Amino acid sequence: DSGVTQTPKHLITATGQRVTLRCSPRSGDLSVYWYQQSLDQGLQFLIQYYNGEERAKGNILERFSAQQFPDLHSELNLSSLELGDSALYFCASSVEAQGISSPLHFGNGTRLTVT
Amino acid sequence: AQKITQTQPGMFVQEKEAVTLDCTYDTSDPSYGLFWYKQPSSGEMIFLIYQGSYDQQNATEGRYSLNFQKARKSANLVISASQLGDSAMYFCAMRDSNTGNQFYFGTGTSLTVIP
């Protein structure tokens with residue numbers, strides 16, 4: 001158990017809809033990362049938050065947004081969903097205090113299916 | 001340019017044998033960290049092992065060891081005494097301080113252990 005909690009585990013929704021994915025990082029980890037993993041794209045970095053502030057942005061679509069709350073949990077909002085958004089969405093956390101030696105600890109992912 | 005390259009899309013190994021999964025990386029930063037993750041078919045991403053660029057010795061964690069060749073910029077994962085439960089995707093990753101400690105993942109290697 002990595003200590004990172006993601007909900008829900010599975011989500012099935014229709015095109016055009018909006019969903020929210022939730023993540024609670026490991027205790028003590030200030031940084032939260034969001035990744036998308038689809039069959040043909042590998043692991044794609046979306047966005048990183050550190051202690052409530054956006055730290056880095058990757059290939060995140062404008063239809064997607066995220067935030068990290070004061071209690072350090074994070075939410076990823078996906079709107080105007082398209083079939084191509086079907087993927088496994090991971091949240092990962094890192095303590096960051098150890099710099100480059102801090103590993104990412106991943107949640108179990110949310111499997112999103114857009115029909 | 002690719003920061004992390006995993007050239008073996010798929011590998012097979014006989015149970016109880018050792019197997020090496022290749023990973024090469026690209027960075028100009030003298031300070032970086034290298035990580036390996038395992039993703040079984042159930043989907044979760046499991047942190048396996050870490051190697052720092054200044055570490056004098058190759059990292060080991062149980063049956064996992066890292067064959068770190070700095071001059072060749074390679075960080076190959078060696079799994080000894082393979083077990084059926086080792087069948088999974090394996091991802092190599094790197095973070096360096098040049099890019100704000102961001103993580104870069106390879107495309108993964110699918111390992112199948114044959115009984």
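The values are calculated or read from the model by the stated rules, or taken from the named source; none is laboratory data. These numbers come from a predicted model, not from an experiment. Positions of Cβ are generated from backbone atoms using ideal geometry, with glycine treated the same way; all protein chains shown enter the neighbour counts.
Residue under question is B:Ser31, and the condition is that it be under 30 Å from A:Asn59 (Cβ atoms) and within 12 Å of another protein chain (Cβ to nearest Cβ); does it hold? Spell out the reasoning first.
Details: under 30 Å from A:Asn59 (Cβ atoms): yes; within 12 Å of another protein chain (Cβ to nearest Cβ): yes.
So B:Ser31 passes the test.
Search the stretch B:25-51 for residues being among the aliphatic types (A, V, I, L, M) and under 14 Å from A:Ile100 (Cα atoms), and hand back the single one that is surrounded by the fewest Cβ atoms within 10 Å (Cβ to Cβ).
Applying the filter and picking the extreme gives B:Ile49.
Can you find, within the stretch B:71-98, the residue that is surrounded by the most Cβ atoms within 10 Å (Cβ to Cβ) among those that are among the basic types (Lys, Arg) and at pLDDT 95 or above? Quick ask: steps written out before the conclusion?
Within the stretch B:71-98, the subset among the basic types (Lys, Arg) is B:72-73, B:95.
Adding the requirement that they be at pLDDT 95 or above leaves B:72-73.
Working: B:Arg72: 9, B:Lys73: 16.
So, considering only residues that are among the basic types (Lys, Arg) and at pLDDT 95 or above, the one surrounded by the most Cβ atoms within 10 Å (Cβ to Cβ) is B:Lys73.
Which ranges mark the strands (runs of 3 or more DSSP E) fully within the stretch A:20-115 that have 3 or more residues being within 11 Å of chain B (Cβ to nearest Cβ) and touching a strand residue (DSSP E or B) at 6+ places or on another chain (Cβ under 7 Å)?
A:31-38, A:42-50, A:53-57, A:87-94
Consider A:Leu21 carefully, then state whether it is at pLDDT 95 or above, within 30 Å of B:Thr109 (Cβ to Cβ) and touching a Lys or Arg at 6+ places or on another chain (Cβ under 9 Å).
Criteria not met by A:Leu21.
Just checking, which of B:Thr112, B:Thr60 is free of Cβ contacts under 8 Å to residues at least 40 places away in the same chain and either loosely packed, with under 14 Cβ neighbours inside 10 Å or more than 14 Å from every other protein chain (Cβ to nearest Cβ) (or both)?
Details: B:Thr112 fails: free of Cβ contacts under 8 Å to residues at least 40 places away in the same chain.
Being free of Cβ contacts under 8 Å to residues at least 40 places away in the same chain and either loosely packed, with under 14 Cβ neighbours inside 10 Å or more than 14 Å from every other protein chain (Cβ to nearest Cβ) (or both) holds for just one of B:Thr112, B:Thr60, which is B:Thr60.
Could you pull out the residue among A:Leu46, A:Leu72, A:Leu78 that is of a type in the set (A, V, I, L, M, F, W, C), in contact with a helix residue (DSSP H, G or I) (Cβ under 9 Å, 6 or more places away or on another chain) and surrounded by 14 or more Cβ atoms within 10 Å (Cβ to Cβ)?
A:Leu78
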